[in-house]
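Worksheet: one structure, shown below.
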Amino acid sequence: MDVMLHVGAHRCATGYFQAFVRHHAATLAADGMAFWGPEVTRDGLLHGALPGPAPVTGRNLARRARGRVQMRLEQVRRSGADDLLICGPRMMGRRHEILRARSLYPSVGDRMARYGAAFDGQVRDVMVILRSPDRFWGSLLASMVVNGHPLPDADLLAELADTPRSWRDVLSDLACALPEARIWVMPYETYGDRPEVQLQQLTGKRLARLRKVDRINCADPLPVLRHKLGPEQAHQLPRGEGRWSPFSEAQSAALRERYADDLMWLHAGADGLARLVADPDKKAAGLNPSSSDLTRGTSDDDQNRRLAGPG
């Protein structure tokens with residue numbers, strides 16, 4: 001049985017993807033695919049896989065976590081499933097941890113290596129959804145501000161914009177942690193609102209998509225943010241509507257440029273560490289694109305008709 005992980009990142013429509021897969025769980029089960037969402041992975045199944053505060057009992061918590069995982073995997077095998085899809089957006093790291101570190105998932109290598117040990121090397125595919133860092137951090141900060149966190153100050157924004165760590169470093173750490181797994185990368189800008197295509201690329205199965213109104217955990221636009229925050233915080237937000245961007249124009253440009261470098265690295269093969277998933281619905285241009293009325297200049301026929309004949 002192949003184990004496939006859909007690990008995030010945060011603010012990249014992972015909740016929408018989970019809702020989509022959960023909606024089609026019965027259909028997928030009939031095709032031999034089982035599904036574990038956060039309701040399974042956060043219900044004590046992986047407790048002890050990562051180091052943390054725990055009572056001193058003398059027991060090896062990592063070994064016990066591996067035992068629990070293997071027991072649950074055996075139950076899935078006995079149910080007749082050939083594949084297991086696991087959605088765990090917190091596997092790469094928690095949002096308050098990456099915000100505290102001012103960096104993109106600095107502990108992803110250690111975390112995923114420990115999770116890989118719990119699955120006893122049975123993880124075959126890992127899918128990661130990436131997003132331009134200016135939008136990633138902006139959406140993350142917006143969600144945390146709504147939940148009671150203060151607005152980011154200039155120092156925090158400067159540190160987030162100046163950090164040298166990029167998605168390339170995250171993927172490199174992930175590849176080192178799970179050397180036997182294939183790592184698939186999908187840009188949020190292309191696949192964020194298309195969970196049916198994500199599932200198709202990962203499993204070969206394409207099912208009917210959900211309505212857009214079913215999307216969850218979307219970042220609030222500026223008018224909604226001002227309404228949810230207190231008067232003092234709302235006064236600090238910029239005027240207008242649309243998406244809140246806490247970064248300056250220069251900071252946003254620097255973050256977008258770093259993202260463009262990451263995508264270029266992925267297009268070039270990512271040193272064999274990861275694979276950028278091509279959009280199956282996008283038709284590539286042929287070697288000789290057809291001409292149209294919008295073609296600039298004049299055709300050879302027009303020029304030939306204007307040339308003088310012999311004699």
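A few comments on the model shown:
Listed here are the residues, each with its yes/no results for (1) surrounded by fewer than 21 Cβ atoms within 10 Å (Cβ to Cβ); (2) among the charged types (D, E, K, R); (3) more than 30 Å from LEU141 (Cα to Cα).
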residue	(1), (2), (3)
ALA9	no, no, no
ARG22	yes, yes, no
ALA30	yes, no, yes
GLY44	yes, no, no
VAL69	no, no, yes
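- Criterion violated by ARG111 - all others in (1) under 30 Å from PRO150 (Cβ atoms); (2) of a type in the set (D, E, K, R); (3) surrounded by fewer than 19 Cβ atoms within 10 Å (Cβ to Cβ) satisfied: (3)
- Pairs, first touching a residue at least 40 places away in the same chain (Cβ under 8 Å) and assigned to a helix (DSSP H, G or I) in segment 169-195, second crowded, with 18+ Cβ neighbours inside 10 Å and of a type in the set (Ser, Thr, Tyr), C-beta under 8 Å, six or more apart: VAL170/TYR105; ASP173/TYR105; TYR188/SER132; GLU189/SER132; PRO195/TYR16
- The residues in segment 98-108 that are closer than 14 Å to ILE129 by Cβ and open to solvent by 20 Å² or more (accessible area, probe 1.4 Å) can be counted, and the count is 0.
- Residue within segment 35-51 that is closer than 29 Å to ILE98 by Cβ and among the basic types (Lys, Arg) present: yes
- Lone qualifier among ARG77, ARG11, ARG72, ARG63 - being more than 20 Å from ARG124 (Cα to Cα), in a helix (DSSP H, G or I) and either of a type in the set (Lys, Arg) or at pLDDT 85 or above (or both): ARG63
- Residue list for segment 71-97, filter: of a type outside the set (Gly, Ala, Ser) and open to solvent by less than 40 Å² (accessible area, probe 1.4 Å): LEU73, VAL76, ASP83, LEU84, LEU85, ILE86, CYS87, PRO89, MET91, MET92
- Positions within segment 229-280 being among the basic types (Lys, Arg) and open to solvent by less than 90 Å² (accessible area, probe 1.4 Å), in sequence order: ARG258
- Meets criteria (among the aromatic types (Phe, Trp, Tyr), in contact with a Leu (Cβ under 6 Å, 6 or more places away or on another chain) and either closer than 18 Å to GLN70 by Cα or outside any loop (DSSP other than H, G, I, E, B) (or both)) for PHE35: yes
- When PRO164 is tested against (1) modelled with pLDDT of 90 or more; (2) open to solvent by 70 Å² or more (accessible area, probe 1.4 Å); (3) assigned to a helix (DSSP H, G or I), only condition (3) is not met.
- Against the numbered list (1) closer than 18 Å to VAL126 by Cα; (2) at pLDDT 90 or above; (3) within 21 Å of the chain's Cα centre (by Cα), GLU97 comes up short only at (1).
- Residues that are in a loop (DSSP other than H, G, I, E, B) and touching a helix residue (DSSP H, G or I) at 6+ places or on another chain (Cβ under 6 Å) were ranked within segment 125-161; the one that is surrounded by the most Cβ atoms within 10 Å (Cβ to Cβ) is ARG131.
- Residue pairs meeting the criteria (Cβ under 6 Å; at least 6 apart or on separate chains; first farther than 18 Å from TYR16 by Cβ, in segment 31-48; second open to solvent by 20 Å² or more (accessible area, probe 1.4 Å) and among the acidic types (Asp, Glu)): GLY32/ASP82; MET33/ASP83
The values are calculated or read from the model by the stated rules, or taken from the named source; none is laboratory data. Because the structure is a prediction, the values reported are computed rather than measured. Please note: Cβ atoms are built from the backbone with ideal geometry, for glycine as well, and neighbour counts cover all protein chains shown. With ligands, DNA and RNA removed, areas are computed over all heavy atoms of the protein, side chains included. Shrake-Rupley method; radii C 1.70, N 1.55, O 1.52, S 1.80 Å.
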